[in-house]
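Each remark here refers to the structure printed beneath this line.
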C-alpha cells in the first residue's frame, strides 16, 4: 500500500547552479564538472532526482529550507534531462548540452 504525500507536496521549480562555468557562451556544461541541481519544494518530503529517466545513486535527497540539492557530475558529453519528483509531482530541466569539460579546481571550462 502506497502512502500519499502531504497535501500540496510538490516540486515548484528546478534549476541548475552553473556558477562554476567559465567561458560557456551557449550554456553548455562540462563532462567531469559538478553542478548543483536545485529543486524548490513546498514540503519536507524526500525528493527523487533522475537523469534521463534513470534513478541515480544518491539521488533521493531530504529538503532543507524548501530546497533539495543533487550534485550532478555528467560523465560524458551528450544531452541530459534531469527530473525532480516529490510525492508524485515532477519538474524537469533540459535538455542540457554537455561538452568536454576541464575542471580547474574552482571553475569549469567547456571546450566544445
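The values are calculated or read from the model by the stated rules, or taken from the named source; none is laboratory data. What you are looking at is a predicted structure, and each value in this text was computed from that prediction instead of being measured. Neighbour counts run over all protein chains shown; Cβ positions are idealised from the backbone, glycine included.
Of the residues making up the stretch 74-88, those that are under 16 Å from residue 51 (Cα atoms) and surrounded by 13 or more Cβ atoms within 10 Å (Cβ to Cβ) are 74, 77, 78, 80, 81, 82, 83, 84, 85, 86. Restricting the stretch 1-17 to residues that are touching a strand residue (DSSP E or B) at 6+ places or on another chain (Cβ under 6 Å) and assigned to a loop (DSSP other than H, G, I, E, B), the residue that is modelled with the lowest pLDDT is 9.
Total residues in the stretch 84-98 satisfying the condition of being touching a residue at least 60 places away in the same chain (Cβ under 8 Å) and more than 14 Å from residue 35 (Cα to Cα): the figure is 9. All told, residue 80 falls short of being more than 12 Å from residue 34 (Cα to Cα), assigned to a loop (DSSP other than H, G, I, E, B) and in contact with a strand residue (DSSP E or B) (Cβ under 7 Å, 6 or more places away or on another chain).
Within the stretch 92-104, if we keep just the residues that are surrounded by fewer than 19 Cβ atoms within 10 Å (Cβ to Cβ) and under 16 Å from the mean Cα position of the chain (by Cα), the residue that is nearest to residue 44 (Cα to Cα) turns out to be 92.
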